[in-house]
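Trainee: Got a structure here, written out as structure tokens. Questions coming.
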Amino acid sequence: MKSTIELIVGLSDIPGVSGCEQAVRDEIIALIKDHCERYEVDALGNLIAFKKGERAPLKRIMLSAHMDEVGLIVTHIEEDGLLRFATVGGIDSRVLFGKAVEIGPSRLCGVIGGKAVHHLTEKEKEAVPEPESLLIDVGATDRAEAEKHVSPGDFAVFSGGFADLGENCLMGRALDDRAGCALLVELLRSPLPYDCHFAFTVQEETGCTGAMTAAYAVAPDIGIVVETTTAADIAGVPAGKKICELGGGPVLSYMDRGTVYDKALYDLAFEIAGESGIPAQTKSAVVGGNESRSVQAAGRGAKVLAVSLPCRYLHSPSLLIHKGDVEHTLRLLAALIQKLGGGAL
């Protein structure tokens with residue numbers, strides 16, 4: 001059986017831009033189908049699984065993680081064979097120029113390019129190039145050749161492998177949020193003290209759409225959203241602006257741009273972490289957001305908690321997480337199921 005890190009790498013290597021998560025979902029189904037009582041794929045593409053535990057919980061619990069990643073979509077093929085594109089999800093334009101990409105199910109190779117530096121005006125040199133000024137080069141000589149391999153509407157993802165950095169860090173693309181998906185798979189493959197619902201959701205990066213329908217279907221009392229979140233713990237960033245730090249354990253949020261989290265659930269998570277000897281940290285800024293807002297507001301509503309892995313360089317070709325944080329987050333999720341299923345809240 002694959003280790004958690006091997007699961008993360010395997011899932012992260014599968015292209016799955018928002019709206020095109022099928023291949024990721026198929027792999028997760030293969031991993032969990034023998035470890036749950038039932039699963040279903042809804043009309044939007046969410047994968048919802050139910051695993052029976054030793055007993056029924058006092059409150060219905062759902063854990064969720066999104067399958068999609070940020071990427072690009074081809075919008076037009078120029079006469080010279082270069083591809084116009086738009087971004088899918090929030091991508092910092094600074095990370096685009098010169099990056100290798102893989103397009104469509106065949107994973108056609110391309111590179112994002114634009115004007116050579118000696119053709120730029122002084123004003124252009126000072127500005128970050130917007131996606132509209134860039135093109136994807138697939139080596140085609142003209143439109144007809146490009147159309148043999150790619151069409152408008154094809155999705156593209158950043159290209160690049162995975163690597164261990166230092167003794168404890170993993171670098172690669174799509175760790176947001178395939179790392180969360182891998183943690184849910186690990187829980188599904190393990191004995192559970194209480195029945196749990198698991199949602200592997202779609203289209204988080206483009207508006208948290210999938211979680212809304214998944215939560216409506218499951219109707220949980222408590223939703224635990226397993227995510228990654230920005231770690232700005234790099235040189236030149238003041239301590240109060242780092243948000244969270246790699247190696248500091250799972251990150252618990254009290255508020256972000258989309259959600260005000262349940263205070264009692266937030267406090268209980270820290271209490272459980274302390275009792276279990278699990279390092280945990282606060283997300284120390286009200287920034288970003290995730291599908292917690294959709295889970296919280298669906299149907300009759302639910303109490304929500306975000307449990308996130310600290311991650312550097314989000315929405316880029318080279319995300320960075322700490323292996324120790326992966327282990328500690330998995331332990332905290334298991335402890336939360338134990339306590340919440342027994343009616344701790």
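The values are calculated or read from the model by the stated rules, or taken from the named source; none is laboratory data. As the structure is a prediction and not an experimental result, all values here were calculated from the model. No Cβ is skipped: glycine too gets one built from the backbone with ideal geometry, and neighbour counts run over all protein chains shown.
Trainee: From the list A199, A179, A215, A239, pick out the single residue that is aliphatic (A, V, I, L, M) and at pLDDT below 95.
Mentor: Matching residue, one of A199, A179, A215, A239: A239.
Trainee: Go through I14, I28 for me and flag whichever is on the phi < 0 side of the Ramachandran plot, in a loop (DSSP other than H, G, I, E, B), in the same structural domain as A214 (by TED's automatic domain parsing) and surrounded by 15 or more Cβ atoms within 10 Å (Cβ to Cβ).
Mentor: Values: I28 fails: in a loop (DSSP other than H, G, I, E, B).
Matching residue, one of I14, I28: I14.
Trainee: I'd like to check which helices (runs of 4 or more DSSP H) are fully inside the range 237-345 and have at least 3 residues that are within 16 Å of the chain's Cα centre (by Cα). Show your work before the answer.
Mentor: Working: elements: 263-276, 292-297, 323-341.
Counting at least 3 such residues, we get 292-297, 323-341.
Trainee: Scan the range 106-126 residue by residue and report those that are without any contact (Cβ under 8 Å) to a residue 12 or more places away in the chain and either loosely packed, with under 12 Cβ neighbours inside 10 Å or under 17 Å from G71 (Cα atoms) (or both).
Mentor: Within the range 106-126, A116, V117, H118, H119, T121, E122, K123, K125, E126 qualify.
Trainee: Can you find a residue that is assigned by TED's automatic domain parsing to the domain that holds H76, small (G, A, S) and buried (at least 18 other Cβ atoms within 10 Å of the Cβ) anywhere in the range 138-150? So that I can check it myself, show each step before the final result.
Mentor: First, the residues of the range 138-150 that are assigned by TED's automatic domain parsing to the domain that holds H76: 138-150.
Remaining after also requiring small (G, A, S): 139-140, 144, 146.
Restricting the remaining residues to those that are buried (at least 18 other Cβ atoms within 10 Å of the Cβ) gives 140, 146.
Looking through the range 138-150, at least one residue is assigned by TED's automatic domain parsing to the domain that holds H76, small (G, A, S) and buried (at least 18 other Cβ atoms within 10 Å of the Cβ).
Trainee: I've got another one for you. Hey, could you check the range 291-310 for residues that are more than 17 Å from D267 (Cα to Cα) and among the aliphatic types (A, V, I, L, M) and say which is surrounded by the fewest Cβ atoms within 10 Å (Cβ to Cβ)?
Mentor: A297
Trainee: Within the range 237-275, take every residue that is without any contact (Cβ under 8 Å) to a residue 40 or more places away in the chain and under 17 Å from A302 (Cα atoms) and give me the one that is surrounded by the fewest Cβ atoms within 10 Å (Cβ to Cβ).
Mentor: Result: K263.
Matching residues to (1) in contact with a Leu (Cβ under 9 Å, 6 or more places away or on another chain); (2) surrounded by 24 or more Cβ atoms within 10 Å (Cβ to Cβ); (3) within 22 Å of R257 (Cβ to Cβ); (4) polar (S, T, N, Q):
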| residue | (1), (2), (3), (4) |
| --- | --- |
| L187 | yes, no, no, no |
| F198 | yes, yes, no, no |
| A217 | no, no, no, no |
| I224 | yes, yes, yes, no |
| E227 | yes, yes, yes, no |
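Trainee: Further question: Go through (1) crowded, with 21+ Cβ neighbours inside 10 Å; (2) under 21 Å from the mean Cα position of the chain (by Cα) and name the single condition I77 misses.
Mentor: (2)
Trainee: Something else now. Anything in the range 84-113 that is under 19 Å from D13 (Cα atoms), small (G, A, S) and touching a Ser or Thr at 6+ places or on another chain (Cβ under 9 Å)? List them, or say none.
Mentor: The answer is G89, A100, G104, G110.
Trainee: Still on this structure, please answer the following. Looking at (1) under 16 Å from A211 (Cβ atoms); (2) at pLDDT below 95, find the lone condition where Q296 falls short.
Mentor: Here Q296 meets the rest and fails (2).
Trainee: Moving on to the next point. Which of (1) within 22 Å of G161 (Cβ to Cβ); (2) at pLDDT 95 or above; (3) among the hydrophobic types (A, V, I, L, M, F, W, C) does F97 not meet, given it meets every other one?
Mentor: (2)
Trainee: Does the range 52-59 contain at least one residue that is in the same structural domain as S190 (by TED's automatic domain parsing), acidic (D, E) and within 14 Å of the chain's Cα centre (by Cα)? Spell out the reasoning first.
Mentor: Looking only at the range 52-59, we keep the residues that are in the same structural domain as S190 (by TED's automatic domain parsing), and these are 52-59.
Retained after the next criterion (residues that are acidic (D, E)): 54.
Those left that are additionally within 14 Å of the chain's Cα centre (by Cα): none.
No, the conditions are met nowhere in the range 52-59.
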